[in-house]
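Accompanying notes for the structure given below.
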Amino acid sequence: MGNAARLALLAGPVAFFALFFAYPVAAIVARGLKVDGVWRFGRITDVLAQSDIRHVLWFTTCQALASTALTLLIALPAAYVFARLDFPGKNVLRAVVTVPFVLPTVVVGTAFLALVGRGGLLDDLWGVRLDTTVWAILLAHVFFNYAVVVRTVGGLWSQLDPRQEEAARMLGASSLAAWRKVTLPALAPAVAAAALMVFLFTFTSFGVVQILGGPTFSTLEVEIYRQTSEIFDLSTAAVLTLVQFAAVGVILVVHAWTVRRRESALRLVDASVTARRPRGPGQWALLAGVLATIAVLLLLPLAVLVQRSLDAPGFGYYRALTSEDGGTFLVAPIAAIGNSLQYAVAATAIAVLIGALAAAALARRDAGRLVRGFDALLMLPLGVSAVTVGFGFLIALDEPPLDLRQSWILVPLAQALVGVPFVVRTMLPVLRAVDVRLREAAAVLGASPFRVWREVDLPLVRRALLIAAGFAFAVSLGEFGATVFIARPDSPTLPVAVARLLGRPGDLNYGQAMALSTILMVVCAVALLVLERLRTDRTGEF
Amino acid sequence: MLLSLQGATVRFGGRAVLDAVDLAVAEHEIVCVLGPSGSGKSTLLRAVAGLQPLDAGRVALDGRDQAGVPAHRRGVGLMFQDHQLFPQRDVGGNVAFGLRMRGADKKEQGVEVRELLELVGLPGAARRAVAGLSGGEQQRVALARALAPRPRLLMLDEPLGQLDRSLRERLVVELRELFGRLGTTVLAVTHDQGEAFALADRVVVMRDGRIAQSGTPLEVWQRPVDEFVARFLGFDNVVPATVAGAAAVTPWGKLPVPEDAPQGTRSLLVRPAGVRLVAAAEGLRCTVTARTFKGTHVAVHLRPEDGGPRLEAACALRAAPEVGQETGVEFDSTEIVVLG
């Protein structure tokens, strides 16, 4: 593919990000730092000189590092188990572990509070309370990001040829050494990508920290939200947005620099042939350990959630969802389900289209520097405050020709912004691993560059594409920070509805929030299960 | 000429992998490029296929310059060294690929695939998965796939490289027969001289990106053009020589050469068949260091007692001396070639 074709492919993603990301963010930063048409950059040093702001920065970084390390430690064994071991109910379980990732952060925070807080399960049983320590935040972050590692790393792991490791064993390597020398380097790009995502999510963590952090712990994102919507100090919020932006930019540059060269052409095989029934006490113990971890860390909080939604007799909270006279909304809370699904489908379509175009352009090994730089830029939306993006949409996209305030497309556009990086990150390692000679074989047989992509790349990356679409769908469904600003009052999404219910006093509202969260959880689980089914049905056949 | 290369040059970094190569292939001709690994033969094929841009020179097909013509519009076929079958398609899907790219309808594809699979000796294999094929079967599928779009030029990169010996020898005969029947123009590359000689109408020997020699298998076999070609063909009895008239002075003594041999300081090749073992008292005195059974004869390795370069002799099965035995050596001028 020539450079011209590559740039043509990139035009769509570039325009999308310029219009719906760079422009709104720039607009809101300008709103905060420009007084009477004059930039006041002096604000930046003023704000950064405050010791409480510096403490926020320090805490944000440390908790993100600790959360990332803990998530990798706990989830990597699970990535192995899902990739290489065969056990009944694996596909269902794979969907189940993804559910936490898409739950609204406020719901997760509440669920963890019910588990480890005052009067929570641990308190009842052993008198243990974690809600005043940083451990509650760290565990909630692991709960959230477990699936990121399992899916990103496990997805590639399941397609690595096990015979490579066997070859190393025959050359005298112990099974651990074989794993370390052969499999680990092959997995490194996926592990790095997963670690990067986890770090970004925890660095910009919002709902969890707001609920579990109390007055002691606050991240940048929480501080931005507080400055924007509680203190109305737009200039401090703008400075903090810039700081977060810069920090994320540095992380992405370092990441791009360290990871790029490690992606190499891998021998990918059909995932269905690499998994085996567990053999030996070691593998059984590992499987048992992973299942126990999932039960305690992922299922227990979800179970607490469901249990609380059922606290009223005769499904009282669920029945209350259908009534329009609750006063919380212009419509019955139940309508949020339909809204959320429609928005998420549209957002997924946009994210997959934009992400696939970008991935196709970026996949070539001979990609120029300009193109490779774009690779890192695509990740920025994950690191920029969703609050900023949502608020930016409102103040930037309100004039013709881009007056989208009244358009339903505004919400999917904001949600797709967060979905695109997933699509690119998931597809790029697989696309880059496709043997270039397969493409050449197709070209010599008369396939144009476009048909080569359709006939060779697409079938090989369909798996990755479906995983990417699932992720995009899930994050769209659970997106809260931006949507809360731009969803119209008469068409709330599920997370927005849950947050509004939680914000109102009374057992009925709390119970309804739990019921709606349970519904959201079930919707996600069903969507993910359908995806798993699609995936296994269609491997190996075009 | 169907294919002609003029001054074709490809550089990787500063190194010329293909160095001003001139080559022509006529219609229905089978040309085999022979050379050690790293000699640039695969690059030659990739340049013709349009997968590797030239740094200088030109590639012409049917007299038309192919500069700027992308690989998928050149109408040439390439069979890859490790076949590169599409893993997600079955055998039929692989063979039909080129036909689909040409826009052939389903019915036509079905007929062609069936015929081609019969032609390559895999009748009824269309629904099989490529992962389950043996090496030989994969090779046949790759061949059928390359033949399906009826390329004006079929290129084969180490076509039989990964197969076991008996299969290779059988397939090479089948291939030659098949290409002859179909009238296919073939440009193949291999590092195996046996394969090249069995398959080709004409052999081109490459060295370091350049063409060292070109000719019919017989010509190349009988008259290697220089020491490199001679050694590459497996001849080890090569020594420096000073030729004057019908005699050459060598470390093995004074050897008879054909009368029309080039004169002066040269390299000289003695084919093993031209090394005659005689009684120990006659000719060059040697000790037998090793014997290798070659089926039709025994290769006897000899160390001259005066310290000259070692020699290899081809010897009838029963007449072969034991290791350690002493023997005399005489040379037969008809098996001696003065190299360029």
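Taken together, the values in this text are just the output of simple stated rules run on the coordinates, not laboratory data. Not measured: the values here are computed from a predicted model. Quick reminder, even Gly has a Cβ in these numbers, built from the backbone with ideal geometry, and neighbours come from all protein chains shown.
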So, counting K/R as plus one and D/E as minus one, what does the shell of residues with Cβ under 14 Å around A:GLN406 add up to? -2
Starting from 0 in steps of 10 Å, tell me what percent of the Cα-Cα pairs of region B:109-170 lands in each bin. 20, 52, 27, 1
Value of relative contact order over chain A, rounded to a whole percent, pairs C-alpha under 8 Å and six or more apart: 23
B:GLU305 neighbourhood, Cβ < 13 Å, K/R = +1, D/E = -1, net charge +1
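Given the DSSP H assignment, sum -39500 (n - 2.57) over each helix run of at least 4 residues in chain A and divide by its residue total; what's the result at 222 nm in deg cm²/dmol, nearest 500?
-22500 deg cm²/dmol
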In Å, the C-alpha Rg and Dmax of region A:76-308 are 20.6, 66
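When you look at the Cβ of every residue in B:100-107, what mean number of other chain Cβ atoms sits within 10 Å?
Mean inter-chain Cβ contacts per residue within 10 Å come to 2.
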List every residue whose amide H lies under 5 Å from the amide H of B:LEU339, counting only residues 5 or more places away in sequence or on a different chain, with H placed 1.01 Å from N in the peptide plane. B:SER267, B:LEU268, B:LEU269
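Label the protein assembly as shown by shape, choosing from rounded, prolate and oblate, from the square roots a ≥ b ≥ c of the eigenvalues of the Cα gyration tensor; if a/c is under 1.5 it is rounded, and otherwise prolate applies when a/b is larger than b/c, oblate when it is not.
Note, shape of the protein assembly as shown comes out prolate.
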Which residues in region B:46-90 have a backbone N closer than 18 Å to a point placed 7 Å from the Cα of B:LYS106 along the Cα-to-Cβ line? B:90
Other residues with Cβ under 11 Å from the Cβ of B:ARG152 give, with Lys and Arg +1 and Asp and Glu -1, a net charge of 0
Can you give the relative contact order of region A:76-308 as a percent, counting alpha carbon pairs under 8 Å and 6+ residues apart? 31
10 Å Cβ neighbours from other chains, averaged over peptide A:455-467: 2
Under 10 Å, Cα contacts only: if you run a Gaussian network model on chain B, which one of B:ALA142, B:ALA131, B:ALA200 comes out with the highest mean-square fluctuation? B:ALA131
Expressed as a percent, the portion of alpha-carbon pairs in region A:1-153 spaced more than 18 Å apart is 76
Would you mind computing, in nm to one decimal, how far apart the modelled labels at A:LEU7 and B:SER333 are, each placed 7 Å from Cα along Cα→Cβ? 7.2
Which residues does the label zone of A:SER229 cover in region A:28-57, counting backbone N under 19 Å from a point 7 Å along Cα→Cβ? A:28-29, A:32
Highest-MSF residue in chain B out of B:SER42, B:SER134, B:SER166 [GNM, Cα springs under 10 Å]: B:SER166
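Per residue of A:427-439, how many C-beta atoms from partner chains lie within 10 Å of its own C-beta, taken as a mean?
Average neighbour count from other chains, rounded to a whole number: 2.
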Once the Cβ-Cβ distance between B:ARG15 and A:VAL250 is put in as r, and R0 is 30 Å, what FRET efficiency do you end up with, to the nearest 0.05? 0.15
Taking the alpha-carbon set of chain B, what are its Rg and Dmax in Å? 23.9, 78
Roughly how many nanometres apart are two label points built 7 Å out from the Cα toward the Cβ at B:ALA281 and B:ALA244? 3.1
Per DSSP helix of 4 or more residues, -39500 (n - 2.57); summed, then divided by the residues of chain B. What does that give at 222 nm, rounded to the nearest 500? -7500 deg cm²/dmol
Per-residue counts of other Cβ atoms within 10 Å, averaged by peptide: what ranking do you get for A:208-215, A:13-20, B:304-311, A:277-284, highest first? A:208-215, A:13-20, B:304-311, A:277-284
Ranked by how many other beta carbons lie within 10 Å on average, peptides A:146-153, A:163-170 from highest: A:146-153, A:163-170
Over region B:75-216, calculate the relative contact order: mean separation of alpha carbon pairs under 8 Å at least 6 apart, over the residue count, as a percent. 26
Assuming R0 = 25 Å, can you tell me the calculated FRET efficiency for the pair A:ALA303 and A:ARG504, based on Cβ-Cβ distance, to the nearest 0.05? 0.50
Residues A:LEU291 and A:ALA173, FRET efficiency given R0 of 35 Å [Cβ-Cβ distance, rounded to 0.05]: 0.75
